[in-house]
Amino acid sequence: MKKYNYFLITCISILFSITTASAQDKVAKIALTFETVDSLHVCKAFVTSEGQPVVELPVKLSVKRLFTKLPIGDAIATDSTGVATFEFPNDIPSKDGKLTIFASIVEDENYMDTEVSGEVKWGQIVVSDNSNVDERSFSAGRDRAPIYFIAISLLIIGLIWGTLLYAVLQVFKIKRLGKLEEIKE
């Protein structure tokens, strides 16, 4: 029994040392600012911890999309004043021009994962052409499917059901013929 207690204590101490070795104990705060300078969009992330600017901390910038966040370039490290400056692209599409931008610190050894977001009107407005919505096409719903697709699918369904009906009728015909043979004998 002592052997198992020693093994259990060893496993628990190893797990405890692994969890405490990767613990991040410092909290960083991010402040986002947005500027437009000579038709160039600039996003600045000011990172502080305990009231002091954080130096050489990688900050990632991303934009909210439909299912996930779209990363904007690589992570940029903060300078001596704690600011990471990003040049934002002008060609990111949006329905109403509004984009939600995220600045985050992820997987740093010293600082906990932190994320902050801000909304800005830097998106390129996309106008969709819906002039062909009432036309029949391959990608339309069932009420706008091409006529020959509807006809072919109904023909295939009819042939399948016809074959099944024919097989059932043949079974009844065989049964009836068997009864006639019994009567003749």
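Before moving on, here are some points about what is shown:
- Per residue accessible area in Å² of segment 142-184, where ligands, DNA and RNA are left out and the probe is 1.4 Å: 97 Å²
- Point-to-point label distance, F67-E107, nm (Cα→Cβ direction, 7 Å offset): 2.1 nm
- In a DSSP loop and with at most 15 other Cβ atoms within 10 Å, the chymotrypsin sites (Phe, Trp or Tyr not before Pro) in segment 135-184 are F138.
- Residue-count net charge about K175 - beta-carbon cut-off 12 Å; Lys, Arg +1, Asp, Glu -1: +1
- Taken about its Cα centre, the chain carries a charge dipole of about 1460 debye when Lys and Arg each add +1 at the Cβ and Asp and Glu each add -1 at the Cβ.
- Across the options P58, F138, S80, the greatest Cα extent toward the positive end of the charge dipole of segment 58-185 (unit charges at beta carbon of Lys, Arg, Asp, Glu) belongs to F138.
- Cβ-defined net charge surrounding A84, 12 Å radius [Lys, Arg +1; Asp, Glu -1]: -2
- Computed about its Cα centre, the charge dipole of segment 142-184 is approximately 120 debye, with only Lys, Arg, Asp and Glu carrying charge at their Cβ.
- Angle between the chain longest axis and helix 2-21 axis [Cα atoms, degrees, rounded to 10]: 70 degrees
- In loop segments of segment 92-162 as defined by DSSP, the trypsin sites (Lys or Arg not before Pro) with at most 15 further C-beta atoms inside 10 Å of their C-beta are K95, K98, K121, R136.
- Cut-off 14 Å between beta-carbons: net charge of the residues surrounding K95, Lys and Arg +1, Asp and Glu -1: +2
- Inter-label distance for L155 and E181, nm, one decimal - labels placed 7 Å from Cα along Cα-to-Cβ: 3.9 nm
- Here the chain has 61 percent of its accessible surface on carbon and sulfur atoms, given a 1.4 Å probe and all protein chains in place.
- Flagged links, alpha-carbon separation over 19 Å, of K44/K95; K29/K98; K44/K64; K26/K69; K64/K121; K60/K95: K44/K95; K29/K98; K26/K69; K60/K95
- Label-point separation in nm, E115 to F34, each point 7 Å along Cα→Cβ: 1.8 nm
- Rounded to 10°, Cα long-axis angle of helix 147-184 versus longest principal axis of the chain: 40 degrees
- Rolling a 1.4 Å probe over the heavy atoms of the protein chains gives segment 28-125 an accessible area of 60 Å² per residue.
- The chain shape via C-alpha gyration tensor axes, a/c threshold 1.5: oblate
The values are calculated or read from the model by the stated rules, or taken from the named source; none is laboratory data. Worth saying up front: this structure is predicted, and the values here are computed from it rather than measured. A quick note on method: Cβ atoms are made from the backbone with ideal geometry, for glycine too, and the neighbour counts reach across all protein chains shown. The protein model used for the area step is the full one, side chains on, heavy atoms only, and it has no ligands, DNA or RNA in it. Shrake-Rupley method; radii C 1.70, N 1.55, O 1.52, S 1.80 Å.
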